[in-house]
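Take a look at the structure set out below.
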Amino acid sequence: MMKYATNFEINNKMVTLLSTIMEEVGRLDDPHTMTALSYGKEKETLPDPYDYEAYVSSFHVNRKIGPNTKRMFPWLKRQEKKLHPLFAASVYCYSLIVMTPLKEKEYEKAFLYMKGYLAEYRPIFSCIAIQPDEKIEKALAQSLEKGDIGPFILYCLKLIQDAMALSLEQTTGFEGRKTPCIRKLLDVMRAGSEYSSKAIMEKLGLKSRVAVKRNYLEPALKGGYIEMLLPNKPHSPNQRYRKKK
């Protein structure tokens, strides 16, 4: 796919994760939610994802940067209309780690640049805490061994999805405000009517059952806005939901 980075193929797992993340982005990307996520936190300064010189200068003066690293910055700019930003950001992050090359304690720098790129795509990413965890080593090893960035892309997408889900939880109950997801859920539910999760998914116009449960049903249940008709059987296929009076 690229002359200077390992190839990868987009598979169903990647597409499913991408779809779920974008649904969550749609629920979070509004001024009120961004205010809630930023409340009481020091504003993070994100780097220019296209500025190679600033990237080099951020290291110790004697640090040797891989010759192919420089090519990643203009490559990223060219992907704006070719590759989905979440895929491009994952490849970008991987390449900075491998081509610079970065040491384990420096991985956060690559994720900071990835976050800077994603924040230009959708501002909500500037408020999401995307930090590498202990699973990164396994994802890197698998990608290097296979000569395929796929495992690392899946790792990044899952990391972002978890960060988005956590952010949705954090916005629940902020100053007593319903989250955008809860408001939308309550808008499509009529008082006195009962709905299956499938019916709710259709009314919301969503395709991911996992996203509906995580972003809509669970926060609304915790907030006391809706109730289950079978509270002792939460996973029952006959489960129905209704608005609380």
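Readers should treat all values here as calculations from the given coordinates under stated rules, not as data from a laboratory. As the structure is a prediction and not an experimental result, all values here were calculated from the model. Cβ atoms come from the backbone with ideal geometry, glycine included; neighbour counts cover every protein chain shown.
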Item to check | With 10 Å bins from 0: P(r) over the chain, alpha-carbon pairs, percent | outcome: 7, 28, 30, 20, 11, 4, 0
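Given charges of +1 on the Cβ of Lys and Arg and -1 on the Cβ of Asp and Glu, with all other atoms neutral, how large is the dipole of the chain about its Cα centre, in debye to the nearest 20?
So the dipole magnitude of the chain works out to roughly 820 debye.
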Checklist entry - Considering the chain as a Gaussian network with a 10 Å cut-off on Cα pairs, which listed residue, Ile21, Ile153, Ile200, attains the greatest mean-square fluctuation? => result Ile200
Item to check | For the stretch 228-234, Karplus couplings with θ = phi - 60° (6.51, -1.76, 1.60), whole Hz, Gly/Pro x | outcome: 8, 6, 10, x, 7, 10, x
Next on the checklist: Can you tell me, using C-alpha contacts under 8 Å and at least 6 residues apart, the relative contact order of the chain as a whole percent?
Outcome noted: 22 percent
Item to check | trypsin sites (Lys or Arg not before Pro) restricted to DSSP loop in the stretch 36-133 with at most 13 other C-beta within 10 Å | outcome: Lys41, Lys43, Arg63, Lys64, Lys82, Lys103
Checklist entry - So how compact is the stretch 176-243: Cα radius of gyration and Dmax in angstrom? => result 10.9, 32
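Give the average over all directions of the projected area of the C-alpha convex hull of the stretch 100-245, one decimal, in nm².
11.6 nm²
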Next on the checklist: Projecting each Cα onto the charge dipole of the chain (Lys/Arg +1, Asp/Glu -1 at the beta carbon, about the Cα centre), which of Tyr52, Ile160, Tyr113 comes out farthest on the positive side?
Outcome noted: Ile160
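When the dipole is taken about the Cα centre of the stretch 176-243, and only Lys, Arg (+1) and Asp, Glu (-1) are charged at their Cβ, what size is it in debye, to the nearest 20?
I would put it at about 140 debye.
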Checklist outcome for this item: Between the residues Val188, Cys127, Leu83, the Cα farthest towards the positive end of the dipole of the chain, that dipole coming from +1 and -1 charges on the beta-carbon of Lys, Arg, Asp and Glu, is from Val188
Checklist outcome for this item: Looking only at lysines whose Cα falls under 20 Å of Lys207's and that sit 8 or more positions away or on another chain, we get Lys13, Lys158, Lys184, Lys198
Checklist entry - Given the options Leu118, Leu96, Leu186, which has the most mean-square fluctuation in a GNM of the chain, springs set between C-alpha atoms less than 10 angstrom apart? => result Leu186
